[in-house]
Amino acid sequence: MLSCKEKERMRILSERGGRMKIGKYSALVCGTTLFILLFIFRDEFFTGAAIGLSNCAQVIVPSLFPFMTAASILGESELPEWLKKLIEPLTRRVFHQPAESAIAIAVGLLGGYPSGTKAAVSLCKSGRISESQAKSLMLFCVNPGTGFCVNAIGVSLLGSEKSGIIIFASLCISAVLTGLVVRAPKEDSVCTVRVIAKNPSGIFVESVASGASGIIGVCAFTTLFSGVISVISSSGVSEKTATAIACILEITSGCAAASGKISLPLLTGVCAFGGLCVHMQIFSVAGELKPDYKKFFLCRAVHSVLSVVVCTLLLKLFPVEEPTFLSVSENVSLCSFSVPAAISLLFFSSLLIFDLDKQRKIC
């Protein structure tokens, strides 16, 4: 006869085994579907993938890569004691976080979607915040950043810098409000394990390599999802359905398709949700510190709803004229770029990552 503890252990193992089987079958279905799409809709997928690479060169690499690198550097840095004493009461009271968490919060609000997660992971690995605090930060430090909101959406897509500023302000305010809901446990303690102190040059080199590794993953997801969106758009679905799917899957393509067709508050809500492509990027950057999926997607929904409300209120205080919105049919370029320069940056970044990886193995 099995004891109660042994029966409970068997039940837990059985549930885990069931979840693993579901995960394997899901991966099989996704892989098979993608394989079929590549054969049946090869030209459409390649066209979309090319658009995704173009978006990477125009928007993602120049705007996000510096912030990803900065996030890694700041995560390894030590705040001055006077600044800790100044910030600690605010971060403890509002988010139940130590002063160091202000780095991840600031980078997450200003730097672009995965930057906040990157900073939170670096802070946790260096022992400055705990795992639960890092996972809490990942739930609300998810913002598109100033460059994407003001320049790409406001100026390039909507023809109004003021609209971009309102979108960005709405996202920041709603992100902070979301953080109040999902803050870490008050009694949480800081990690006791700390990494060996590194010299500044070592921190810089590893941070650049880490930022390059992250940006390559971001570009890979963007290219893949852009190809899928192109296939869906050419499959005969209505324009509204294609636009909605694009907003759910990939934020850059979604905003380009939705601009001029939906109101500014709804467009802000789309930016707050981020799209599944961004979510995959965040999970990839988080590594072993992945947040709880249910909480993460719930927070994305809460952030989206709050941003719509906040944007509506801000528009009453700072109205934007409707004629400033551009039609998506116009040939709008998100920003100037150099394809050879972007490809060269990704290529040499890859070489740097592989070189550092070899050095670690040799040591």
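Here Val142 passes the criteria (1) buried (at least 24 other Cβ atoms within 10 Å of the Cβ); (2) not in a loop (DSSP other than H, G, I, E, B) except the one numbered (2). Consider Glu81 against the criteria (1) under 19 Å from Thr252 (Cα atoms); (2) surrounded by fewer than 20 Cβ atoms within 10 Å (Cβ to Cβ): it satisfies all of them except one. Which criterion is unmet? It is condition (1) that Glu81 fails. Inside the range 263-320, residues that are free of Cβ contacts under 8 Å to residues at least 12 places away in the same chain and closer than 27 Å to Ala242 by Cα make up a count of 5.
On the basis of being surrounded by fewer than 24 Cβ atoms within 10 Å (Cβ to Cβ), among the aliphatic types (A, V, I, L, M) and under 14 Å from Pro144 (Cα atoms), does Leu276 make the cut? Even if it seems obvious, please write down each step before you answer.
Working: surrounded by fewer than 24 Cβ atoms within 10 Å (Cβ to Cβ): yes; among the aliphatic types (A, V, I, L, M): yes; under 14 Å from Pro144 (Cα atoms): yes.
Answer is yes for this residue.
Just wondering, is there one or more residues in the range 89-102 that are β-branched (Val, Ile, Thr) and modelled with pLDDT of 85 or more?
Taking every residue of the range 89-102 in turn, at least one turns out to be β-branched (Val, Ile, Thr) and modelled with pLDDT of 85 or more.
Can you tell me which residue is nearest to Gln281 (Cα to Cα) among those in the range 299-316 that are surrounded by 15 or more Cβ atoms within 10 Å (Cβ to Cβ) and under 17 Å from the mean Cα position of the chain (by Cα)? So the residue we want is Arg300.
Hey, could you check the range 244-267 for residues that are of a type in the set (S, T, N, Q) and crowded, with 22+ Cβ neighbours inside 10 Å and say which is nearest to Arg42 (Cα to Cα)? Walk me through it before giving the result.
Step one: list which residues in the range 244-267 are of a type in the set (S, T, N, Q), which gives 252-253, 259, 263.
With the extra rule that they be crowded, with 22+ Cβ neighbours inside 10 Å, the set shrinks to 252-253, 259.
Numbers: Thr252: 22, Ser253: 19, Ser259: 28 Å.
Restricting to residues being of a type in the set (S, T, N, Q) and crowded, with 22+ Cβ neighbours inside 10 Å, the top hit is Ser253.
Counting only residues that are more than 13 Å from the chain's Cα centre (by Cα) and within 14 Å of Phe225 (Cβ to Cβ), the range 248-283 holds 6 of them.
The values are calculated or read from the model by the stated rules, or taken from the named source; none is laboratory data. Worth saying up front: this structure is predicted, and the values here are computed from it rather than measured. All Cβ positions, even for glycine, are placed from backbone atoms using ideal geometry, and neighbour counts span all protein chains on display.
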